[in-house]
Amino acid sequence: MSAVAGRRRVPVWLGIGVVVLAAVGGGGTWLLRDELFHPLGDARACDGSDLRLPGVIDAGGATLPADASDIHYLTRNGSVEVTFLSRRTPDYLRRAGILPEGKALFDQKYGTKGEAGNVDDEIALPDGLCGTSLRLPVWEYHSTAADGTSVDVTVERSTLFQDALRSPARAVVTFTS
């Protein structure tokens, strides 16, 4: 009778061991889920990115605004595209040297009116860049940084005020790293 009791205890201990291992493995997977399921282990990176950007992104010569949210990026062969949503985009444009201090947001010397279309129509993000689409109308800035690299920024304009950006405004910044 004791031989039968001993045989029954082995499956119980084996079952408890399997449950403990499953719990530890499942908990570890849950803790590391961002690193396991996002490109480069970064929830901001889009599929196809070949370089991980740092926690604080320097996009085209200036860090993103402190209030930037819904940030996504695509890195390919030295080219970087970043999209973000912010109420402080005009400040970013000035800090990056894209729009000189004191110049109007829509000075045609520094940018051009974007694609025509109906207000609130959407513009798809560049191929491969993930995130929320831009809404019309937009303004496109084209700049050359002091080091000679090209920086392009497309940002949503206000539908109510001719001389303002949306608040918050979605922007797409394209530059080389």
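Note on Ser69 and Lys103: their simple-model spin labels are 3.1 nm apart, each label 7 Å out from Cα toward Cβ.
Within the assembled protein chains, the solvent-accessible surface assigned to Arg166 is about 30 Å², based on a 1.4 Å probe.
Computed with a 1.4 Å probe over protein heavy atoms only, the accessible surface of the stretch 123-177 comes to 47 Å² per residue.
Need the full-extension length gain, Leu51 to Ser150, defined as separation in residues times 0.36 nm minus the C-alpha distance. One decimal, nm.
Details: separation 99, 0.36 × 99 = 35.64 nm, distance 1.92 nm.
Result for the pair: 33.7 nm of gain on full extension.
Extension gain, Asp121 to Ser133, is 3.4 nm, computed as 0.36 nm per intervening residue step minus the present C-alpha separation.
The values are calculated or read from the model by the stated rules, or taken from the named source; none is laboratory data. These figures come from a predicted structure and were not determined experimentally. Heads up, the Cβs are rebuilt from the backbone with ideal geometry, glycines too, and the neighbour counts pull from every protein chain shown. Each accessible area value is taken on the protein alone, full model and side chains, heavy atoms only, with ligands, DNA and RNA left out. Shrake-Rupley method; radii C 1.70, N 1.55, O 1.52, S 1.80 Å.
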